[in-house]
Amino acid sequence: MENKTEVTTKTPAEIKKESAKANRVAAMARARAAKKDAHLKESNFSKLEEVQTIMSKPKDDSSISFMTEIDLDKNGNPKASYPFYQNPRHMEDLKEDKRKLEKAVAAGFVDADHIGEVKSRIAQYGQQLDAYEKHLPEMEKNIDRINKMSKDLADVIAPTMFTRKEMRDGLVDPHEEARRMSEPIIELPKELCETAIRNGVRVDSSRKVSRDGATRLWQMCQRKLGGSTDAEYLRRD
C-alpha cells in the first residue's frame, strides 16, 4: 500500500503567526550572540584589527559608506542601524522644524530665557542637513555601484528565504528561519564585505553575514535607489 504524505495548507493568518514566532526566536538568538560578543574580543565576527583597518581607509577606496559624519561615533563606528537621512519622515520633520524655529526667532516670538536653547536646536538641525548635503555627491558618484550591489545582495539573500509555496504549505520551521536570520550564513565577496563593515554590518572571519545583516545593507541600497525596502519582495514563489 502506497504511503502518502499529507500537506496542510495554512491560512494567511497562520503564516503570519508563524512568521512572528520566527522573528521572536531570531530576536532571542541575536540577544544570545550579543551577550557572547561582550565576553569575547575575538568572536566569530571580524577581528578588531581588520575592522579598524577597513574603517580607517580613505573614502575613495573600493567600499561605499552610506553613513554621514554625524552617523559615526568618535571611533568611526555607526551609531545606529541606518543613516539618519534614510528616514523620510525624520528628514521632513527636520526641515520643517528648522524652518518654524527660524521664523519664530526672526519674528521675535521666542522670549529671552529660551532664545539660546532655540538657536542651539536650529544649529543642530542645520548640522544634520549640512551633513546630508555634504554626503550626497559621494552617493551620486557611486549610484551605479550601489545599483549593482543591491542586485548582488538580492541574489544571495533570496536563496536563504523559504519560498511562498513552502510558507503556504506549512513547511517553515520557525527555528530554522530564526537561524537563517541571525547567524552568519551568507558569504560576501571582498568588496561587499568591506562595505558591510563600514556600514555597521557584522562580518565573521570567513566573510559571512547573517541574513538580517545582508538585508539591512540591501535596504540601504534600495532607499538610495528609491526602490522597495520590503524584504518580502525578494522571496521566491
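The values are calculated or read from the model by the stated rules, or taken from the named source; none is laboratory data. Keep in mind that what you see is a predicted model, and the values were worked out from it rather than measured. Glycine gets a Cβ as well: all are built from the backbone with ideal geometry, and neighbour counts include every protein chain shown.
May I ask you to verify whether Gly170 is surrounded by fewer than 18 Cβ atoms within 10 Å (Cβ to Cβ) and under 27 Å from His90 (Cα atoms)? Answer is no for this residue. Among the residues of region 97-146, the ones that are of a type outside the set (A, V, I, L, M) and outside any helix (DSSP H, G or I) come to 6 in all. Region 163-211 holds helices (runs of 4 or more DSSP H) entirely within its bounds, and those carrying 3 or more residues that are closer than 21 Å to Leu72 by Cα map to 190-198.
Which of the residues spanning region 191-202 are in contact (Cβ under 8 Å) with a residue 24 or more places away in the chain and over 14 Å from Thr215 (Cβ atoms)? Correct list: Glu191, Glu194, Thr195, Ile197, Arg198. On the basis of being at pLDDT below 50 and not in a loop (DSSP other than H, G, I, E, B), does Gln52 make the cut? Criteria met by Gln52. Here region 203-237 is the region considered, the condition is being surrounded by fewer than 21 Cβ atoms within 10 Å (Cβ to Cβ), touching a residue at least 24 places away in the same chain (Cβ under 8 Å) and among the small types (Gly, Ala, Ser), and the residue that is farthest from Leu171 (Cα to Cα) is Ser205. Of the residues making up region 205-229, just one is of a type in the set (A, V, I, L, M, F, W, C) and over 26 Å from Glu140 (Cα atoms), namely Val209.
Looking at region 63-104, which of the residues that are hydrophobic (A, V, I, L, M, F, W, C) and over 16 Å from the mean Cα position of the chain (by Cα) is surrounded by the most Cβ atoms within 10 Å (Cβ to Cβ)? Only one residue fits best here, namely Leu94. Could you tell me whether Leu153 is of a type in the set (A, V, I, L, M, F, W, C) and touching a residue at least 24 places away in the same chain (Cβ under 8 Å)? Judged against the criteria, Leu153 is a match.
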